[in-house]
1. For Ile207, state whether it is of a type outside the set (Lys, Arg), surrounded by fewer than 19 Cβ atoms within 10 Å (Cβ to Cβ) and in contact with a strand residue (DSSP E or B) (Cβ under 7 Å, 6 or more places away or on another chain).
2. For the structure I just gave you, tell me whether Val122 is of a type in the set (Val, Ile, Thr), open to solvent by less than 60 Å² (accessible area, probe 1.4 Å) and more than 29 Å from Leu11 (Cα to Cα).
3. Going residue by residue through the stretch 170-179, is there one that turns out to be among the aromatic types (Phe, Trp, Tyr), open to solvent by less than 60 Å² (accessible area, probe 1.4 Å) and either without any contact (Cβ under 8 Å) to a residue 40 or more places away in the chain or out of contact with any Phe, Trp or Tyr (no Cβ under 7 Å at 6 or more places or on another chain) (or both)?
4. Is there any pair with a first residue in the stretch 191-208 that is over 19 Å from Asp141 (Cα atoms) and more than 16 Å from ligand 3 (Cβ to nearest atom) and a second that is open to solvent by less than 90 Å² (accessible area, probe 1.4 Å) and not acidic (Asp, Glu) whose Cβ atoms are under 7 Å apart and which are 6 or more apart or on different chains, and what are they?
5. If you take the residues of the stretch 6-34 that are on the phi > 0 side of the Ramachandran plot and not in a helix (DSSP H, G or I), which of them is surrounded by the most Cβ atoms within 10 Å (Cβ to Cβ)?
6. Return the total of residues in the stretch 60-104 being touching a residue at least 24 places away in the same chain (Cβ under 8 Å), open to solvent by 60 Å² or more (accessible area, probe 1.4 Å), part of a loop (DSSP other than H, G, I, E, B) and not charged (D, E, K, R).
7. Which count do you get for residues in the stretch 108-128 that are part of a loop (DSSP other than H, G, I, E, B), more than 17 Å from Glu157 (Cα to Cα) and touching a residue at least 60 places away in the same chain (Cβ under 8 Å)?
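The values are calculated or read from the model by the stated rules, or taken from the named source; none is laboratory data. Just so it is clear, the model here is predicted, and its values are computed rather than measured. So basically every Cβ, Gly included, is an ideal-geometry build from the backbone, and we count neighbours across all protein chains shown. What goes into the accessible areas is simple: the full protein's heavy atoms, side chains included, and nothing from ligands, DNA or RNA. Shrake-Rupley method; radii C 1.70, N 1.55, O 1.52, S 1.80 Å.
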Amino acid sequence: MNTKELVAKGLELPLMEAFYTIQGEGRFTGYPAYFIRLGGCDVGCVWCDVKESWDSGKWPVLAIEKIVEDALAFPGRLVVITGGEPLMYDLGPLTALLKSKGFTTNIETSGAHPFSGDFDWVCFSPKKFKKPHPSIYQQADELKVVVFHQSDFAFAEEHAELVNSNCEQRLQPEWSKAEKFIPVIIDFAKNRPKWKISLQTHKFMDIP
Ligand SMILES: C[S@@+](CC[C@H](N)C(=O)[O-])C[C@H]1O[C@@H](n2cnc3c(N)ncnc32)[C@H](O)[C@@H]1O
Ligand SMILES: Nc1nc2[nH]cc(C(=O)O)c2c(=O)[nH]1
Ligand code: SF4
Ligand SMILES: [Mg+2]
């Protein structure tokens, strides 16, 4: 098979970066985790903090065996697959291999492509820029909505209605608007206690 075919089968993937750090966001904030950041995203969030990931063609294509071998070099056994938009790819083979090696598998996704892979935790961050694929709503363990504009609160409530009943709900201020929206998010959550707050703590800790 050629590279295109191998990527289509999820046996090789474009890898922007992989790094061992502390999960900065959401339910596992503070947990040491190995991040696998896949290249490529077609969603186009204006405030994306990793726009350099968007062009998959910029990044080397690696066999999943190599990706997993590199992850094993670190003490932690929590992996976060992110991007770019990781669900652009078939994550079945990578997650199966990770789990066979004893990793807990988490994903950060916009849900904008059909769900694939075997995950212990699915963090679903819906975007106005590309409608989520229907398959994400029953898979999501966490709904994490980025607040960039006042209208994002209604957007968040719309998606809270669509996810499964035990899906955790978090609001995350868009980084450049944090000063403006943190007080608003605090007030919103205190009045609607199903909503919790997620901050990009890695940026406060000055770690990747
Ligand atoms: C870079 S995205 C990659 C994974 C996937 N494409 C997604 O959007 O969930 C990882 C997380 O960072 C969030 N994010 C990206 N840029 C942000 C920003 N400027 N402020 C706050 N959160 C941001 C996304 O909403 C998502 O929850
Ligand atoms: N430390 C750290 N935590 C994160 N949580 C989600 C991230 C992402 O870019 O997917 C991220 C990230 O880039 N760094
Ligand atoms: S979906 Fe994620 S990676 Fe893609 S543009 Fe939006 S925040 Fe960035
Ligand atoms: Mg990030």
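1. The answer is yes for Ile207.
2. No, not satisfied.
3. No.
4. Within 7 Å, the pairs are Thr201/Gly24; Thr201/Thr29; Met205/Ile22; Ile207/Thr21; Ile207/Ile22.
5. Gly10
6. 4
7. Selection size over the stretch 108-128: 2.
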